[in-house]
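Working notes, beginning with the structure itself.
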Amino acid sequence: MATETGAQSSIRTFEGNGDQLGNLFYPVYELLFDEDEPFVQSVDSKLAESRMPDTVEMYLSRAIAVGVLTGLVFWVLGIGLGYLLASLGFFAGPLLGVPLPDSGALVDLVRTARAPFVVLLLGFALGGFGFAGGFGTVVGIPYLRANERKREINMLLSDSVSFMYALSLGGLNQLELLEAMAKADDTYGEVAREFQAIVRETKTLDVDYRTAIKNQMDHSPSDELREFLVDMLSIIHSGGDMTQFLEDKKHKYMRTAKQEQEQTLDVLELLGEMYITISLFPLLLIIILVVMNMLGNASRMMLYITVYALIPTIALAFLVLVTTIKRDEFGDGFIKPRNASIWLDTERRSGLNNIGFITSFTGTYHIFDRIAARRNLEETVALLRKPHLFFRDNPLYTFALSVPASVSLVAAAALSGVVPTSWAGVVQQPVWSTFVYVYIPLFLVVIPMAVFHTWNQRDRRAILGTLSDTLLKLSSVNATGATVLESIKTVSETSSDKLARELRLIHHKVHFGMSLKESLIEFNNKYHMPQLARTVKLVTKAQEASSHIAVVLSTAASASENADDLRRERHSRSMMQVAIVLMTYVTLLGVMALLKVQFIDVMAGFGTGPGTGSAAGISLGGGIDANLLSLMFFHAVTIQAVFAGLISGYLREASLRAGAKYVVVLLALSLTVWTVVA
């Protein structure tokens with residue numbers, strides 16, 4: 001926080017900043033806030049914790065500017081809305097429910113000033129709401145970012161301490177531990193960035209690393225990391241055993257990670273119970289609207305709003321809520337080496353763009369250009385010969401074929417007259433029309449992506465399934481005196497799983513000139529899983545110092561086993577949550593089907609007779625026919641199926657793409673049920 005006061009110091013502080021909007025409203029900030037008040041200090045603290053470079057003065061000035069601009073926009077909208085309502089006569093009736101006398105000077109004045117007063121009041125009310133929304137949104141950003149960083153730090157702290165402990169066993173001193181942790185931001189994310197601040201302060205500001213650690217404690221958003229730094233600083237000052245300290249902390253944070261995961265899963269179970277109650281609201285509203293329609297008191301628009309707006313809004317809100325709470329892994333799983341290598345391709349490319357490190361030599365000699373062209377041709381032939389392998393590695397690329405195919409098929413069906421193109425025709429054939437316009441495109445687009453995504457996930461998880469056991473084997477072989485490369489060769493020859501085949505490939509790459517570190521990084525980036533990335537990062541860092549890292553490998557195996565335990569618990573608990581969502585949908589589908597068969601059709605039968613028919617079907621009390629209600633119900637269960645599938649997939653694997661298979665199953669179930677009942 002800036003300590004200077006006065007207009008001149010303010011100009012010096014912000015001169016050349018380039019934020020004209022913040023500079024313009026800085027006098028307003030000085031008028032409204034004092035730098036010592038708790039609110040300003042809280043925002044300043046969150047700006048530091050969220051790693052935002054703005055000063056608190058400039059940031060709050062910008063927030064005021066955004067609030068004022070938003071408030072002006074809402075004020076204009078409020079004035080316009082007020083004049084529109086006044087022109088329609090909304091303010092001509094009794095004021096606040098109190099009728100006015102027919103005559104009198106005061107009455108005439110009230111009648112004359114009432115509409116302008118209400119218009120201005122509405123404008124200022126919306127303007128105040130707009131200012132509060134704009135100002136609050138900007139102020140809330142550092143709080144949200146700091147909370148997200150805190151969450152990521154707490155999730156990765158256990159693995160980070162295990163990383164430091166393993167390197168400490170490998171012989172690194174305190175400064176080397178800090179630097180190694182700071183360089184591991186590609187795998188340890190925000191934890192590494194906290195240590196980057198410590199290292200940066202020691203190198204650029206020539207500050208003692210003990211002082212840098214103490215300063216960082218004041219800016220960390222995580223209480224767990226702050227406690228760790230406090231304890232580390234005490235060990236440094238007292239000259240205690242850093243390795244033993246890190247081992248104790250490793251076990252502690254493993255227990256803490258399990259406790260935090262249990263709390264998150266408990267919250268998700270509570271949300272699952274809430275989902276049951278919330279999902280029933282649109283169903284009850286639909287039943288009420290149908291009954292009111294029988295009495296002639298319901299509008300068709302309310303039914304449309306319920307089906308096409310309320311159901312998706314509730315489901316989407318619940319999905320957003322789940323995504324803010326559940327997140328299994330942080331990071332993308334890629335390791336980005338700091339030193340460039342002609343052997344290692346760090347670009348995230350696939351298919352025809354992935355032709356290997358030969359691109360590093362193109363343009364130097366003609367022979368390398370010919371090799372690159374030949375390699376491109378081989379990749380093209382391989383893709384055409386085995387396209388399923390390409391789609392397995394890139395499931396989203398199926399959209400390039402499925403989306404045009406579905407659009408073409410629906411367009412051909414509409415143009416050929418196979419399916420009606422008018423709303424009245426759709427109402428006459430609710431199941432067939434919805435099947436062609438909705439279900440066929442969804443099946444064509446979702447099924448291929450679901451199949452290849454599931455295949456991709458199983459192919460990648462086959463690596464993690466045996467990772468812990470393989471690390472223990474490597475540790476045992478390395479403890480006998482074999483080097484890391486010899487250990488890899490021995491383990492790969494005595495195993496036959498997928499990871500063993502990858503280890504054999506790593507050994508072959510090293511044999512042909514690639515370094516062990518580069519081959520391990522390339523292996524990791526092929527599968528890019530965060531847990532695998534942390535293990536590979538640890539092994540590559542440890543083997544730089546020595547070829548005998550049995551204790552490090554054993555520590556990596558322990559960290560991997562802990563991650564496996566957490567993942568198994570997540571999957572077992574998430575099965576119950578997914579079961580709740582799926583059973584809720586099945587219940588809703590059953591109720592809607594019974595409502596269609598036992599109520600709508602029966603009431604429509606009562607209404608049959610001379611003069612009761614209509615062109616669109618059997619007319620009911622309020623003018624909504626049975627075919628239209630059947631269409632609305634079918635669309636309601638279809639929309640609910642899509643969102644229930646997405647929610648189930650995210651609860652299970654923290655990925656919307658994982659919900660594709662659930663969407664397919666629920667859509668098939670709803671189509672089958674409605675084909676029978678309709």
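Figures for the structure shown
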| quantity | calculated |
| --- | --- |
| Label-point separation, Phe334 to Asp223 (7 Å along Cα→Cβ), nm | 3.7 nm |
| FRET efficiency for Ser515 and Glu493, using Cβ-Cβ distance with R0 set to 22 Å, rounded to 0.05 | 0.55 |
| Label point distance in nm, Lys203-Leu505, each placed 7 Å from Cα along Cα→Cβ | 3.4 nm |
| Cα-based convex hull volume of the stretch 153-256 per residue, rounded to whole Å³ | 88 Å³ |
| Computed E for Met575/Thr323 - FRET, C-beta separation, R0 30 angstrom, nearest 0.05 | 0.95 |
| Ranked list, fewest to most other Cβ atoms within 10 Å of each Cβ, for Glu194, Glu569, Glu653 | Glu569, Glu653, Glu194 |
| Order of Thr70, Thr470, Thr256 - criterion: other Cβ atoms within 10 Å of each residue's Cβ, fewest first | Thr256, Thr70, Thr470 |
| Extension reserve of the Arg51-Glu262 stretch, reckoned as 0.36 nm per residue once the Cα distance is removed | 73.1 nm |
| Förster radius 30 Å - calculated FRET efficiency between Ala654 and Met583 (Cβ-Cβ, nearest 0.05) | 0.90 |
| Amide H contacts of Gly331 (H built 1.01 Å from N, under 5 Å, at least 5 apart or other chain) | none |
| Inter-label distance for His237 and Ile305, nm, one decimal - labels placed 7 Å from Cα along Cα-to-Cβ | 6.4 nm |
| From phi via Karplus (6.51, -1.76, 1.60), per-residue ³J(HN,Hα) for the stretch 441-452 in Hz, x at Gly/Pro | x, 5, 5, 5, 8, 7, 4, x, 5, 5, 5, 6 |
| Extension gain (nm, one decimal) between Thr211 and Glu561, 0.36 nm per residue minus Cα-Cα | 122.4 nm |
| Centroid-to-centroid separation of the stretch 120-190 and the stretch 379-419 [C-alpha atoms, Å] | 41 Å |
| Backbone HN-Hα couplings from phi across the stretch 404-413 [Karplus 6.51/-1.76/1.60, Hz, Gly and Pro as x] | x, 5, 5, 5, 5, 5, 5, 4, 5, 5 |
| Segments 461-468, 27-34, 42-49, 485-492 sorted - mean Cβ within 10 Å per residue, highest first | 485-492, 42-49, 461-468, 27-34 |
| HN-Hα J in Hz across the stretch 519-536 - Karplus 6.51, -1.76, 1.60, θ = phi - 60°, x for Gly and Pro | 5, 5, 5, 5, 4, 5, 5, 5, 9, 6, 10, x, 5, 5, 5, 5, 5, 5 |
| Cα-centred dipole magnitude for the stretch 153-256, charges only on beta-carbon of K, R (+1) and D, E (-1), debye, nearest 20 | 60 debye |
| Cβ-based exposure ranking for Ser222, Ser546, Ser61, in which fewest neighbours within 10 Å come first | Ser546, Ser222, Ser61 |
| Residue pairs, from the table Lys46/Lys214; Lys150/Lys249; Lys250/Lys498; Lys183/Lys252; Lys509/Lys661, whose Cα atoms sit over 26 Å apart | Lys250/Lys498; Lys509/Lys661 |
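Read-outs: derived from the displayed coordinates by stated rules, not from any lab. Keep in mind the model is a prediction, meaning the values are calculated, not measured. Glycine gets a Cβ as well: all are built from the backbone with ideal geometry, and neighbour counts include every protein chain shown.
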